[in-house]
Amino acid sequence: MIAILELVDDDHLVFTNVNGVGPIDIVTVNIKTGKVDLYDAKSDRESRHYKRPTNDIQKKLNVKQFYINLQKRTYKLGNKRGSIFANELTNNQRQD
């Protein structure tokens, strides 16, 4: 769910795998260009990043691995790294 929230924006439709298993967890479609991206969401290690191997069908379909580290509150997607819950933290700070 966290990966989905990070991928949502005004230009993309986001779809999830209802089976919960398989080579693809999330599909995004850019509504302006029609570009489709496929993602496999992975939980990352607490202490360090551990890249998982991709299977043959993921390689064929160019599935991107989206890593989430709940302990560090970070995500990694290709070369992009970011903080998760950033909006939540900002909103909490405003209330204090």
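Computed from the coordinates by the stated procedures, all read-outs in this text should not be read as laboratory data. A quick note: this is a predicted structure, and the numbers were derived from the prediction, not measured. Cβ coordinates were reconstructed from backbone atoms using ideal geometry, including for glycine residues, and neighbour counts include every protein chain displayed.
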Mean residue ellipticity at 222 nm from the helices of the chain, using -39,500 (n - 2.57) per DSSP H segment of n ≥ 4 over the full residue count, to the nearest 500 deg cm²/dmol?
-> -6000 deg cm²/dmol
So how strong a dipole does the chain carry about its Cα centre when Lys and Arg Cβ are +1 and Asp and Glu Cβ are -1, to the nearest 20 debye?
-> 520
Between the helical axis of 86-95 and the dominant principal axis of the chain, each derived from Cα atoms, what acute angle in degrees is found, rounded to the nearest 10?
-> 20
What nm distance separates the two modelled labels at Lys51 and Gln71, each placed 7 Å from Cα along Cα→Cβ?
-> 2.1
By the Cα gyration tensor axes a ≥ b ≥ c (a/c under 1.5 gives rounded; else a/b larger than b/c gives prolate, otherwise oblate), the shape of the stretch 34-85 is oblate
Under a cut-off of 17 Å between alpha-carbon atoms, report the aspartates and glutamates in cross-link reach of Lys80, not counting same-chain residues fewer than 8 places apart.
-> Glu6, Asp9, Asp37, Asp40, Asp44
Taking the Cα atoms of the stretch 2-95, what is the range of coordinates along each of the three principal axes, in descending order and whole Å?
-> 46, 36, 27
